[in-house]
1. When you go through Asn162, Asn226 one by one, which is the residue that is at pLDDT 75 or above, assigned to a loop (DSSP other than H, G, I, E, B) and closer than 23 Å to Thr445 by Cβ?
2. Scan region 285-303 and report the pairs whose first residue is within 16 Å of Ala46 (Cα to Cα) and whose second residue is assigned to a strand (DSSP E or B) and among the small types (Gly, Ala, Ser), with Cβ atoms within less than 9 Å and a gap of 6+ or a chain change.
3. Of the residues that sit in region 292-326 and are in contact with a helix residue (DSSP H, G or I) (Cβ under 9 Å, 6 or more places away or on another chain), polar (S, T, N, Q) and closer than 24 Å to Ser34 by Cβ, which one is modelled with the lowest pLDDT?
4. Does region 70-78 contain any residue that is closer than 15 Å to Thr405 by Cβ, modelled with pLDDT of 90 or more and either assigned to a helix (DSSP H, G or I) or more than 18 Å from the chain's Cα centre (by Cα) (or both)?
5. Is it the case that Ala424 is touching a residue at least 60 places away in the same chain (Cβ under 8 Å), closer than 21 Å to Val76 by Cβ and either crowded, with 19+ Cβ neighbours inside 10 Å or in contact with an Asp or Glu (Cβ under 7 Å, 6 or more places away or on another chain) (or both)?
6. Here are some conditions: (1) within 13 Å of Gln128 (Cα to Cα); (2) in contact with a helix residue (DSSP H, G or I) (Cβ under 8 Å, 6 or more places away or on another chain); (3) modelled with pLDDT under 95. Asp62 meets all but one. Which one does it not meet?
7. Given the criterion in contact with an Asp or Glu (Cβ under 7 Å, 6 or more places away or on another chain), surrounded by fewer than 13 Cβ atoms within 10 Å (Cβ to Cβ), not hydroxyl-bearing (Ser, Thr, Tyr) and not in a strand (DSSP E or B), identify the matching residue among Pro362, Pro324.
8. Can you tell me which residues in region 40-69 are among the small types (Gly, Ala, Ser), over 17 Å from Arg406 (Cβ atoms) and either in contact with a Gly (Cβ under 7 Å, 6 or more places away or on another chain) or not in a helix (DSSP H, G or I) (or both)?
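The values are calculated or read from the model by the stated rules, or taken from the named source; none is laboratory data. The model shown is predicted, which means the values in this text are computed figures rather than measured ones. Don't worry about glycine lacking a Cβ; one is built from the backbone with ideal geometry, like all the others, and counts go over all protein chains shown.
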Amino acid sequence: MEYGLQITIRLILLSFSTLLLTACANFSAGNLFSHYSAQNQEVYRAVKQGDYAAAEQALPDDIAGEILDNFEKGRVYLLNNNDKLSLSAFELSDQAIRKEQDKATVSISDTATSIGSLAVNDNLKLYQPADYELGFLHLYLGLNYIKENKLDDALVEMRRANQVQERAKAERERQLEAAQAEMESKGLTPNLGSVLSRYPDAGKKLQAVQNAYLMYLSALLYEADNDLNSAYVDYRRALAVMPDNQTVFDSTMRTARRLGMSEDLRLLEKRYGKAKTNMPGKGRVIVLQEQDTVEAMQDWKLSLPLYDSRGNGALYSLALPYYPSPSSVQFSPLRINQQIVSKALLADVNLMAQQDLTERMPSIVIRQALRVVAKDQLRREAAGKDDVGNLLFNVWNTLTEQADTRSWQTLPAKIYSSTLMVDAGKQRLDIGGETYQFNVTEGNTVLVWLSRQGNSATVWHKQLGRL
């Protein structure tokens with residue numbers, strides 16, 4: 001009994017040692033004994049149901065650290081039309097990311113954090129956002145600036161976002177080229193957007209690593225700023241990712257015509273037909289529509305007995321993250337002036353999230369294996385042959401082994417785009433049971449942005465001028 005007490009004390013000391021090692025990271029009782037998706041489920045559920053006010057009330061102060069916590073806050077505030085707080089939260093995330101990126105070498109505290117998480121679970125590591133999440137950070141910073149009519153600031157964020165996309169492309173170039181070669185071997189030719197933008201074409205593989213939503217918004221802002229060359233570059237990149245999206249190819253052809261790119265225009269019109277053009281008395285409406293929420297990672301556990309040469313052993317819990325199959329949520333069609341608005345997929349965030357996890361899984365599994373070895377070494381040193389000690393370690397291992405399910409969970413699941421010509425004047429947009437009105441002047445273009453979750457929608461519009 002006395003020895004069992006000693007083992008308990010050693011476990012407590014181990015806990016506090018881990019606390020000291022990870023004090024600058026994410027140490028908390030929640031991260032020690034639970035995983036992110038479980039701790040964030042109230043916020044996630046409220047957003048998915050479209051109850052943005054409840055989601056804002058449920059936002060925690062500190063679960064996953066300054067980067068991810070402020071991702072979630074910025075997104076929830078944006079949906080709840082709390083623009084100043086949204087911008088502030090995204091800026092805090094951005095500052096925290098820059099601080100980490102500016103580190104010339106791995107710091108002692110970072111090394112300590114890694115050691116502490118290896119001995120307990122990966123939730124104690126500093127959160128490293130995925131490329132697709134970094135892209136969305138700059139996209140939403142840009143959208144906040146658009147709402148404030150700060151086009152120059154929005155364009156800065158688009159340029160920063162494009163740097164993220166280019167880095168992601170470069171890191172995966174070999175994979176994409178291999179996928180393209182496989183397609184060509186089966187008699188499939190690259191899509192026209194890939195040819196024009198000199199991107200490798202890899203079908204859905206490209207959609208999993210490149211964000212056409214971001215590219216299209218970037219191009220649209222460049223066009224509104226009359227920087228047609230930059231706009232055309234990004235429209236072609238978006239077309240490479242989403243070659244069947246009408247909004248994208250209409251915009252690409254429109255810009256090619258304005259730039260006098262006669263050969264490109266000939267190829268585009270041969271593939272897609274004539275683009276929609278402004279007519280007397282008409283105006284253009286471009287709709288960017290977010291729907292639902294991205295899937296939240298869940299944890300999968302398996303108990304594994306491990307014995308030494310003397311037959312002494314313990315049970316170790318293996319915990320790995322996984323994405324469940326995406327749920328299918330149906331939304332009522334949008335209507336403008338009683339006319340159903342057709343839509344085309346622009347980005348699939350579930351696909352991007354799954355691809356990121358797939359790429360990270362080998363390193364996750366390696367760390368999991370190393371952790372089992374590290375925990376077994378601690379057990380041997382502290383418990384030895386003592387049955388009570390081994391039992392306590394079994395409990396400790398089971399309680400503290402939690403999968404790292406951290407990801408930006410309030411992002412949309414899918415984004416669609418629509419483009420249509422309307423009679424100039426007042427427009428009525430019907431979104432389920434909600435109505436939103438705006439004006440379109442002759443020859444001009446209006447951007448309508450909306451995000452839909454549950455039976456709710458956040459919507460606003462901006463005049464883009466004569467495109």
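1. Sole residue among the options that is at pLDDT 75 or above, assigned to a loop (DSSP other than H, G, I, E, B) and closer than 23 Å to Thr445 by Cβ: Asn226.
2. Gln291/Ser451
3. Step by step, filter region 292-326, then rank; the result is Ser303.
4. Checked region 70-78: at least one residue is closer than 15 Å to Thr405 by Cβ, modelled with pLDDT of 90 or more and either assigned to a helix (DSSP H, G or I) or more than 18 Å from the chain's Cα centre (by Cα) (or both).
5. No, not satisfied.
6. So Asp62 meets the others, but not (1).
7. Going through Pro362, Pro324 in turn, just one is in contact with an Asp or Glu (Cβ under 7 Å, 6 or more places away or on another chain), surrounded by fewer than 13 Cβ atoms within 10 Å (Cβ to Cβ), not hydroxyl-bearing (Ser, Thr, Tyr) and not in a strand (DSSP E or B): Pro324.
8. Gly50
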